[in-house]
Amino acid sequence: MLDTIKDFASWFFVTGDPLIYGADVAITLSVIAIVGVLTYFKKWGWLWKNWLTTVDHKKIGIMYILASLLMLFRGGVDAIMMRTQIALPDIKFLEPEHYNQVFTTHGTIMILFMAMPLMFGLFNIIVPLQIGARDVAFPFLNALSFWLFFAGAMLFNMSFVIGGSPDAGWTSYPPLSGLMHNPGVGQNFYIWGIQISGIGSLATGINFMVTLIKMRAPGMTLMKMPMFSWSVFATCIIIILAFPILTMTLALLFLDRFGGAHFFTLDLGGNPMMYINLFWMWGHPEVYIVVLPAFGIFSEVVATFSRKRIFGYKSMVFAMLVISVLSFFTWLHHFFTMGSGADINVFFAITTMLIAIPTGVKIFNWLFTMYRGRIKFELPMMWTIAFIPCFVVGGMTGVLLAVAPADFQFHNSYFLIAHFHQVLIGGVVFGYFAGMYYWWPKMFGFKLNDYWGKWAFWFWNIGFYVCFMPQYALGLAGMTRRISEYSWDTGWGPLNLISTIGAFLMGLGFIFQVVQIATSIFKHQKDVTGDIWDARTLEWSTPSPAPEYNFAVIPHVHDVDDWWETKQRRAKGIPEAPQPQLEPIHMPKNSAIPIIMSLFWFVAGFGFVFGWWWFYVPGMIGVLLCMLARSFSYNTDYYIPVDEIKRTEAAIRGSV
């Protein structure tokens with residue numbers, strides 16, 4: 001009996017690696033500390049009522065951002081471990097199998113569990129405020145989307161200590177990810193972690209699309225919508241069209257592994273290349289899913305800190321919509337070497353190059369907005385200015401990769417690694433950092449500390465170039481991606497060492513950001529104006545943080561930068577239209593169903609990972625019961641009375 005338990009434990013838990021044991025201890029101590037603090041301060045009820053069951057879009061946004069920062073830490077540690085392993089030739093820091101797992105989890109986490117939730121967090125916090133709405137179109141679905149993301153992320157990360165991590169790369173190409181070559185459960189964790197969180201992502205895309213179409217304030221036509229909201233609109237188009245492809249692709253891969261199907265094997269008529277085509281039909285639009293909102297953030301930041309209206313508003317809108325369409329016609333450039341033929345390669349080479357045109361339009365629009373502007377170099381603007389040269393280099397190297405004959409030389413080399421990190425870190429991470437610094441006072445009511453923020457900025461930026469510029473040269477020297485060891489005679493050692501130093505500098509930048517947040521919490525610079533940057537759009541017309549109902553009276557919009565124009569009219573003494581009388585505000589009630597349903601999804605996913613029907617059958621039954629419970633829930637909303645609105649407004653504004 002004891003031997004049976006030992007055998008099960010040695011199979012079930014990941015053992016044998018001191019790094020894993022260290023992580024086990026860290027996770028256990030962290031959980032004990034969190035439980036201890038909540039119990040000591042008697043905060044369990046507060047946590048349940050105010051956060052775990054909330055449908056308030058602002059709180060859901062904050063939870064997304066906290067989760068993404070946690071995932072940034074996990075993905076960043078993976079990156080540091082990889083760079084340490086290949087800092088010099090013949091290092092034995094990570095075994096090859098462990099290295100494969102680390103680069104798989106690094107890519108998956110950074111794309112799907114860091115960039116996506118950080119993006120959704122900003123959607124949630126800003127979009128309803130920016131369009132003058134009291135909430136998103138479907139608040140319950142919004143909460144469910146977050147908890148599905150969280151359940152998927154936890155299921156994926158669990159593979160770190162239970163069962164073993166996936167190791168077929170973040171793309172998980174068959175036949176390597178098939179049952180024959182990958183019989184462990186790690187690949188199942190990959191499939192179900194992404195599947196469950198992907199359902200939430202698709203629901204978020206639908207939710208924000210409907211919100212932007214149906215819930216804009218009176219007078220806010222589409223062509224008066226703020227640029228960040230336009231970027232969210234373009235992003236939602238891609239999410240709605242692309243994520244079903246990923247869902248079906250992973251479902252077919254799971255059927256291959258779980259049910260003995262042959263969609264992606266050469267047996268019985270299957271084809272592995274079909275998986276690769278389907279994956280990138282989602283995968284390349286995914287790049288634009290995460291980068292378009294960053295373009296929206298840069299537009300808001302540049303306009304605010306240049307104190308000018310964004311240059312070429314209509315061309316910016318047109319450029320983002322064109323990118324959202326073109327993004328679905330470029331996927332094959334990821335595998336020009338597949339052998340599709342010259343005519344097909346030419347088509348996808350041209351479409352890939354075409355996308356540089358609307359991207360270039362935006363770069364020039366931001367530069368012309370800054371031209372003769374009265375620029376203030378606050379942290380959001382610093383990140384924006386740092387983005388421009390970084391993204392231009394990333395874009396130009398992308399054009400080089402779009403040249404099919406040249407791509408045959410660059411394919412799967414470190415040149416490619418440097419390119420996509422330049423685009424994704426320079427574009428996405430820098431953009432979301434700019435957005436986080438810009439809207440942090442709106443989220444929490446205080447500004448982040450500038451001193452530590454500038455240390456973080458410089459370490460991130462210097463570290464970035466030290467890390468990734470050498471990788472272009474390494475790629476041209478023949479170093480291919482995903483190798484865990486190389487010998488001295490390759491001559492790659494010095495450049496890899498420099499690149500690793502850069503990775504550690506970026507890691508220090510992240511630590512400075514943690515210090516910055518901690519310092520700001522304890523010694524925070526409170527924002528009592530609600531408009532700390534003298535900004536232009538409607539979210540800055542509310543107190544910081546905004547009340548539960550966002551707007552006591554829904555605003556009427558007249559201009560593109562309506563809040564800025566309102567301030568100009570007030571400065572000139574132009575009388576404003578009288579405010580209508582306050583009325584009771586209709587709001588949704590909190591609900592425990594989203595978190596409970598996601599828990600059942602987690603149980604079902606865990607059962608599918610191990611093929612344990614006694615887990616996935618009850619899990620799916622639980623999901624169905626939650627859907628029924630929601631269908632027969634009628635007490636789902638309430639009204640905030642006028643007296644309470646008056647008291648709240650008096651407390652946060654000093655007047656009604």
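Exactly one residue out of 414, 371 is surrounded by fewer than 20 Cβ atoms within 10 Å (Cβ to Cβ) and of a type in the set (Ser, Thr, Tyr), and it is 371. For region 455-488, taking the residues that are of a type in the set (A, V, I, L, M, F, W, C) and more than 25 Å from the chain's Cα centre (by Cα), the one that is surrounded by the fewest Cβ atoms within 10 Å (Cβ to Cβ) is identified as 488. Here the condition is being out of contact with any Lys or Arg (no Cβ under 8 Å at 6 or more places or on another chain) and on the phi < 0 side of the Ramachandran plot; of 259, 269, 219, it holds for 259 alone.
I need the helices (runs of 4 or more DSSP H) fully contained in region 87-186, keeping only those with at least 2 residues that are closer than 30 Å to residue 554 by Cα.
It comes to 116-130, 139-158.
Here's the yes/no breakdown for (1) under 30 Å from the mean Cα position of the chain (by Cα); (2) within 24 Å of residue 62 (Cα to Cα):
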{"site": "515", "(1), (2)": "yes, yes"}
{"site": "518", "(1), (2)": "yes, yes"}
{"site": "547", "(1), (2)": "yes, yes"}
{"site": "552", "(1), (2)": "no, yes"}
{"site": "559", "(1), (2)": "no, no"}
{"site": "564", "(1), (2)": "yes, no"}
{"site": "584", "(1), (2)": "no, no"}
{"site": "589", "(1), (2)": "yes, yes"}
{"site": "606", "(1), (2)": "yes, no"}
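With respect to the conditions (1) of a type outside the set (Ser, Thr, Tyr); (2) more than 16 Å from the chain's Cα centre (by Cα); (3) under 22 Å from residue 52 (Cβ atoms); (4) open to solvent by 10 Å² or more (accessible area, probe 1.4 Å), residue 150 falls short on a single one, namely (2). The set of residues in region 522-578 being out of contact with any Asp or Glu (no Cβ under 8 Å at 6 or more places or on another chain), of a type in the set (A, V, I, L, M), touching a residue at least 12 places away in the same chain (Cβ under 8 Å) and over 19 Å from residue 229 (Cβ atoms) consists of 532, 553, 577. Considering (1) touching a helix residue (DSSP H, G or I) at 6+ places or on another chain (Cβ under 8 Å); (2) at pLDDT 95 or above; (3) among the aliphatic types (A, V, I, L, M); (4) closer than 29 Å to residue 130 by Cα, the lone condition that residue 560 does not fulfil carries the number (2). Confirm whether residue 315 is under 26 Å from residue 566 (Cα atoms), surrounded by fewer than 21 Cβ atoms within 10 Å (Cβ to Cβ) and hydroxyl-bearing (Ser, Thr, Tyr). Spelling it out, residue 315 is indeed under 26 Å from residue 566 (Cα atoms), surrounded by fewer than 21 Cβ atoms within 10 Å (Cβ to Cβ) and hydroxyl-bearing (Ser, Thr, Tyr).
A quick yes/no check of all residues on (1) open to solvent by 30 Å² or more (accessible area, probe 1.4 Å); (2) within 30 Å of residue 586 (Cα to Cα); (3) among the charged types (D, E, K, R); (4) touching a helix residue (DSSP H, G or I) at 6+ places or on another chain (Cβ under 7 Å):
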{"residue": "23", "(1), (2), (3), (4)": "no, no, no, no"}
{"residue": "27", "(1), (2), (3), (4)": "yes, no, no, no"}
{"residue": "53", "(1), (2), (3), (4)": "no, yes, no, yes"}
{"residue": "59", "(1), (2), (3), (4)": "yes, yes, yes, yes"}
{"residue": "65", "(1), (2), (3), (4)": "no, yes, no, yes"}
{"residue": "72", "(1), (2), (3), (4)": "no, no, no, yes"}
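One residue alone among 165, 172 is open to solvent by less than 30 Å² (accessible area, probe 1.4 Å), of a type in the set (S, T, N, Q) and on the phi > 0 side of the Ramachandran plot, and that residue is 172.
Taken over region 35-47, the criterion of being assigned to a helix (DSSP H, G or I) and closer than 24 Å to residue 590 by Cα is satisfied by 35, 38, 39, 44, 45, 46, 47. State whether the residues of region 235-253 include one that is modelled with pLDDT of 95 or more, assigned to a helix (DSSP H, G or I) and closer than 26 Å to residue 382 by Cα. Within region 235-253, one or more residues are modelled with pLDDT of 95 or more, assigned to a helix (DSSP H, G or I) and closer than 26 Å to residue 382 by Cα. Do the conditions hold for residue 371, that is, is it aromatic (Phe, Trp, Tyr) and under 27 Å from residue 436 (Cβ atoms)? Yes. Each residue in region 521-540 was checked for being part of a helix (DSSP H, G or I) and modelled with pLDDT under 95, and 2 pass. Only residues that are of a type in the set (S, T, N, Q) and either under 26 Å from residue 330 (Cβ atoms) or assigned to a loop (DSSP other than H, G, I, E, B) (or both) were counted across region 354-383, and they come to 2.
Inside region 262-306, residues that are in contact with a Phe, Trp or Tyr (Cβ under 9 Å, 6 or more places away or on another chain) and not in a helix (DSSP H, G or I) make up a count of 4.
Please pick out the residue among 402, 406 that is open to solvent by less than 20 Å² (accessible area, probe 1.4 Å) and either out of contact with any Lys or Arg (no Cβ under 8 Å at 6 or more places or on another chain) or over 21 Å from residue 327 (Cα atoms) (or both).
402
Pull up region 495-552, narrow it to residues that are small (Gly, Ala, Ser) and over 18 Å from residue 441 (Cβ atoms), then point me to the one that is surrounded by the most Cβ atoms within 10 Å (Cβ to Cβ). Out of the qualifying residues, it is 499. Output yes when any residue across region 203-214 is touching a Gly at 6+ places or on another chain (Cβ under 7 Å), at pLDDT 95 or above and crowded, with 24+ Cβ neighbours inside 10 Å, and no when none is. Among the residues of region 203-214, not one is touching a Gly at 6+ places or on another chain (Cβ under 7 Å), at pLDDT 95 or above and crowded, with 24+ Cβ neighbours inside 10 Å, which makes the answer no.
Just one of 594, 618, 588 is in contact with a strand residue (DSSP E or B) (Cβ under 6 Å, 6 or more places away or on another chain), over 21 Å from residue 220 (Cβ atoms) and modelled with pLDDT of 95 or more; which is it? Exactly one residue qualifies, and that residue is 588. Only one of (1) open to solvent by 40 Å² or more (accessible area, probe 1.4 Å); (2) in contact (Cβ under 8 Å) with a residue 24 or more places away in the chain; (3) of a type outside the set (Gly, Ala, Ser); (4) farther than 29 Å from residue 123 by Cβ is not met by residue 85, so which one is it? Result: residue 85 passes all but (1).
Only one entry in 643, 561, 637 is open to solvent by less than 40 Å² (accessible area, probe 1.4 Å) and among the charged types (D, E, K, R), namely 561.
Out of everything in region 231-279 that is within 19 Å of residue 605 (Cβ to Cβ) and among the aliphatic types (A, V, I, L, M), what residue ends up being surrounded by the fewest Cβ atoms within 10 Å (Cβ to Cβ)? Step by step, filter region 231-279, then rank; the result is 248. Taken residue by residue, region 417-430 has no member that is touching a strand residue (DSSP E or B) at 6+ places or on another chain (Cβ under 9 Å) and either at pLDDT 95 or above or part of a helix (DSSP H, G or I) (or both).
Between 344, 323, which is open to solvent by less than 10 Å² (accessible area, probe 1.4 Å), under 26 Å from residue 411 (Cβ atoms) and not basic (Lys, Arg)? Unique residue meeting the criteria: 323.
The values are calculated or read from the model by the stated rules, or taken from the named source; none is laboratory data. Keep in mind that this is a model prediction, so the values were computed, not measured. Here Cβ is always computed from backbone atoms with ideal geometry, including for glycine, and neighbour counts include all displayed protein chains. Note: areas computed on protein heavy atoms with side chains; ligands, DNA, RNA excluded. Shrake-Rupley method; radii C 1.70, N 1.55, O 1.52, S 1.80 Å.
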